[in-house]
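First up is the structure itself, then whatever we jot down about it.
Laboratory data are not the source of any read-out in this text; all were calculated from the coordinates shown. Values in this document were obtained by computation on a predicted structure and should not be read as measured data. Glycine also receives a Cβ, built like all others from the backbone with ideal geometry; neighbour counts cover every protein chain displayed.
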Ligand code: SAH
Ligand code: SF4
């Protein structure tokens, strides 16, 4: 029965072993299938080569491989960014972005179709919430990018995954964490040791849970403002999870995991980019092992703000470093012409 078929991308390696065992098959086959999925990057059973017939028959009957068909593929004129519109089985569509650097690649994956958080400057927020993605749908995006890299002439490989595509990953906690476990598996895509970064709007219970479960992935928190009032105007979710509670959760995270935390700050001209704003964020996060990632605002249809000028970004950085010894980076503007920059991902047309 088709609906009962298990998506192989939804299984951790131990679970794949247990499945094969429940069929009375040796773990040797599980290891082989895992290799074919994540080292061979097989996108279908027919790409799985020389499996014994009894294994193949069982797989065909009871499992599937949820490779997501590409509806559209767009290259950025900067040559570094490519955006994929992927179709989900129920007709929803999501965007996944490949960011290339010399010889290595980062996949920017979606965790939901749309997003419920409604940040005013974000195209995904502007389109609203459609649904959560399953762990298999998340894993499949990374595998897709790994496959693209394998077939590209550069022979680079997928090195990092960032949960900075569509959706709020901590609103879909279980699927995101299961997908991360699958992606980190050292005998598979092997994206362990700090190669996965999750960006959150500031879902306090999710941050605390990540800390308490000692999740081995980097955390980035979208701050954008250093007072509750200013933040709530940009990020409606701040009304549910106020700034002081968010900061407590961030401190708890740093103390428990002993790892640095990233704060993201979309630089909006005249709105949150003055020296006073930089001082306010410096005072707010002082004492935490933090790095600030400044993202000059990317244009979206539903928001009229403009990106800060380069000088404002440099001044912001200077204040942070000279007064508070906080390191910061200004994120390179990439993929803006194809709306693949931070906060620009949205699917406007209904699936058809
Ligand atoms: N939902 C998560 C992750 C996806 S968005 C989050 O909000 O953190 C990734 C980053 O892009 C976030 O820091 C988000 O605030 C930022 N962003 C959203 N819209 C943007 C825009 N128009 N310009 C620049 N950054 C934006
Ligand atoms: Fe959702 Fe993040 Fe966009 Fe806010 S910035 S609407 S949380 S995807």
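A few points about this structure:
- Over the chain, equivalent-ellipsoid semi-axes from the Cα gyration tensor in Å: 37, 21, 18
- Region 178-233 and region 71-101 have Cα centres lying 22 Å from one another.
- Highest-fluctuation residue, 119, 342, 254 considered, GNM on the chain with Cα pairs under 10 Å: 254
- Extension gain for residue 39 to residue 26 (0.36 nm times residue separation, less C-alpha to C-alpha distance): 2.7 nm.
- Region 281-296 versus region 124-165: alpha-carbon centroid distance in Å: 28
- Taking 45, 320 and counting other C-beta atoms within 10 Å, the order from fewest to most: 45, 320
- Between 0 and 90°, nearest 10: helix 243-257 axis offset from the chain longest Cα axis: 50
- Helix 173-184 axis versus longest C-alpha principal axis of the chain: approximately 70°, rounded to the nearest ten.
- C-alpha long axis of helix 53-62 to longest principal axis of the chain, angle in °: 50
- Listed by Cβ neighbour count within 10 Å, with the fewest neighbours leading, 124, 81, 227 appear as 227, 81, 124.
- Calculated mean residue ellipticity, 222 nm, the chain: -10500 deg cm²/dmol, from DSSP H runs (n ≥ 4) at -39500 (n - 2.57) each, averaged per residue and rounded to 500.
- For the chain, averaging the sequence separation of C-alpha pairs within contact (under 8 Å, six or more residues apart) and dividing by the residue count gives a relative contact order of 16 percent.
- Peptides ranked, highest mean first, by Cβ atoms within 10 Å: ranges 260-266, 270-276, 28-34: 260-266, 28-34, 270-276
- Neighbour-count ranking [beta-carbon atoms within 10 angstrom, fewest first] of 183, 25: 25, 183
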